Amino acid sequence: VIGAGASGLVTAKTLLSRGHDVDIVSDSDKLGGTFENKSYKDARMVSSKYLTCFSDFRRPGAEVHMSLAEYVTYLEEYAAHFKLNGRIRQRISVLNVRRVDGCYVVAMKAAGEDNLKHWEETWDAVAVCSGVHNIPRVPRFPGDDTFQGKVLHSSVYKDPEIFRGQRVLVIGTGETGFDVGYAAATHGARSVTMSTRHGFVSVPSHFGDNLPPLDCIIMNWGTHFWESNWAARVGLHWWITTKFTRLGFLLMSGTTYGFNQWVGKRYNMTWDEGRKHIVNKSTRCMPLLTRKAKRTAPWWQQKLWSYWDVPDEAGEDVDLIEGSVNRMEGKTVHYDTAAGPKSVEADVVVLATGYRQRFPFLFPGSDEKSDADAECRGADDPLPSEHFIVNPGEPRLAYIGFVRPNVGAIPPMAEMQAMWWCEKLDDRLINRSPDYYKLKESRLPYGVDYGYYMFALAREIGAVPSLWRWLFRRPRIAVTCGFGQAHVPIFRLQGPFASEAAEETCAKELFAPIMQRPFFMNLIFFVEALFFAAVNGVAAALETRTGAATAAALAGVGLGYATLGGRF
């Protein structure tokens, strides 16, 4: 297993549970991967403890959204609990992985040593769990080599005090970009500007202490849990719920772009299809962006949706430029926008531009691709074709923890991928699920709908729980499975990784956020479930041969009746 972050640890633990002999190598001297190496002051998880924690090592007493430091502690305790520490070799760099006679020869060296001082080991299988945030994506701009301000990538940002008294420009509006923008605006920056090329979709990870987190306000029944092939293929659930979601945003916050998002509309935001976007849930900066935009709105709009406003002392206004950097000159950054050229004066420029997907030990030379090429999707090293985990001809080389969910978390997906891979290694997959989980028009080819993806893998290993079984055995578990999120413990109620501990987790811990929802919200979910059950029931019946024949016969009768003018 290459990597000792969340994905590597859960993969090793899952493999060990199936009797495999496992080693973990990491080029760091600490556990935690990205959560340890890329952390910064006040950084918090945007996925809740209910979703993020692994199936058999829960944290019911933790804060709903743990800090990164707390999550790293959780991973350290996870490794100790499952006795993984003795299998971890730290400060080991992997140079090359090559397939030889059905096995994998892995070349390694001690971190910091010369490549000539390497050694080789032979393994039956390799799991690549090196993480999605390893190699910063650093775009180049004309004039950046003579720019007189400070330029840094968000990967090296640690403390907001560097912004005090400075004019700050943040290029990029992902979750880290929002955290950096908020930090600058609340720690004495003279001015704060953010810029985006394609826009974003902002929805807060939490709506209040008395409500469940965003990733628990999702229902499986009638969507991922049970859905006709037709409905899944065309994205019926998203086609319908997108309209109600955006209408809800409008009524509650005055905008349909996102929740309380008055600027930065995503370029492909439409009313017909919502299965496109990876949601930005780190939204502390959003009120500061919206406050600046609201000042130009009619007075009645400012009053009507003032509930979400923050006071002036909450931080500086944050401006947003929607366009592309044209050039850097002196301490000025020039932009091309739809409204014409614009410029920003900046003492500090933070590149919150993400990371490049690189596997140099598998694709020699990939780490030498230029930063200019990094703007192209093709510059990233590819993920495998089969659920982004393995290629059909090479099932013993797995990539785990690289898919990006729309509203979800990578750690539970990594656990699901690890369980799937174990079944794949034993040749025990029971069917092939379509890839309806792929996001449409996403700039990331490996962006997925979290629930659809989890259920697709679960179907292939026979781990989708039976609602009828649990309805009569333990009704709370049936409610958790049907009306809750695709939490990874529900996939350990039945199937090859079934666990009694998962039953208790589903009946108690994961049942709680469903009951925390307001009555009206659960009523809406219940009506939605009945509607989708009816639609999917009809569609599923028509998808059978008998149903299709019946429909054809009825259509024939109707056509004949119309042809004869209603006379037989």
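As a check on your grasp of the helix formula, calculate [θ] at 222 nm for the chain: sum -39500 (n - 2.57) over DSSP H runs of n ≥ 4, divide by the residue count, round to the nearest 500.
Counting only the DSSP helices, I get -9500 deg cm²/dmol.
If you sort LEU542, LEU16 by accessible surface, 1.4 Å probe, largest first, the order is LEU542, LEU16.
For region 1-148, the square roots a ≥ b ≥ c of the C-alpha gyration tensor eigenvalues yield an a/c of 1.5 or more together with a/b not exceeding b/c, which makes the shape oblate. Against the criterion of solvent-accessible heavy-atom surface with a 1.4 angstrom probe, SER205, SER48 sort, most first, into SER205, SER48. Around the amide H of ASN260, modelled in the peptide plane, lie the amide H atoms of SER253, THR255, all under 5 Å away and 5 or more residues distant in sequence or on another chain. In this structure VAL192 has an accessible area near 0 Å², from a 1.4 Å probe over the protein heavy atoms.
Between GLU500 and ASP317, what's the calculated FRET efficiency when r is the beta-carbon distance and R0 is 56 Å? Round to 0.05. The calculated FRET efficiency here is 0.55.
Considering region 426-551 at the alpha-carbon level, its Rg and Dmax are found to be 16.7, 46 Å. Descending by average beta-carbon neighbour count within 10 Å, the peptides 145-153, 165-173, 460-468 line up as 165-173, 460-468, 145-153, the highest first. Exceedance of the 18 Å cut-off in Cα-Cα distance is limited, within the set LYS265/LYS294; LYS30/LYS83; LYS38/LYS109; LYS38/LYS158; LYS49/LYS508, to LYS38/LYS109. Answer rounded, prolate or oblate for region 333-492, using the Cα gyration tensor with square roots of eigenvalues a ≥ b ≥ c: rounded when a/c is under 1.5, else prolate when a/b is larger than b/c, else oblate. The shape class here is oblate. Here r is the Cβ-Cβ distance between ARG98 and ASP435 and R0 is 25 Å; the resulting FRET efficiency, rounded to 0.05, is 0.30.
Geometric descriptor of region 267-425, per residue, is 205 Å³ (volume of the convex hull of the Cα atoms). For region 383-412 and region 47-64, what is the centre-to-centre distance using only Cα atoms, to the nearest Å? Taking the Cα centre of each part, region 383-412 and region 47-64 sit 22 Å apart. Beta bridges assigned by DSSP with both partners in the chain are antiparallel in approximately 50 percent of cases.
Positive contributions from Lys and Arg (+1) and negative ones from Asp and Glu (-1), summed over other residues with Cβ under 12 Å from the Cβ of LYS342, come out at -4. The alpha-carbon atoms of the chain define a convex hull whose volume equals 198 cubic angstrom per residue. When all protein chains stay in place, what accessible area (Å², nearest 10, 1.4 Å probe) is found for GLU76? Here the accessible area works out near 90 Å².
Which three semi-axes in whole Å describe the equivalent ellipsoid of region 55-212, each the square root of 5 times a Cα gyration tensor eigenvalue, listed largest first?
Values: eigenvalues 279, 144, 47 Å².
They are 37, 27, 15 Å, listed largest first.
To the nearest 10, the accessible area of SER39 is 40 Å² with a 1.4 Å probe.
The values are calculated or read from the model by the stated rules, or taken from the named source; none is laboratory data. Quick caveat, the model's predicted, so the values are computed rather than measured. Counting neighbours? That spans all protein chains shown, and the Cβs are built from the backbone with ideal geometry, glycine included. These accessible areas exclude ligands, DNA and RNA; they are computed on the full protein's heavy atoms, side chains included. Shrake-Rupley method; radii C 1.70, N 1.55, O 1.52, S 1.80 Å.
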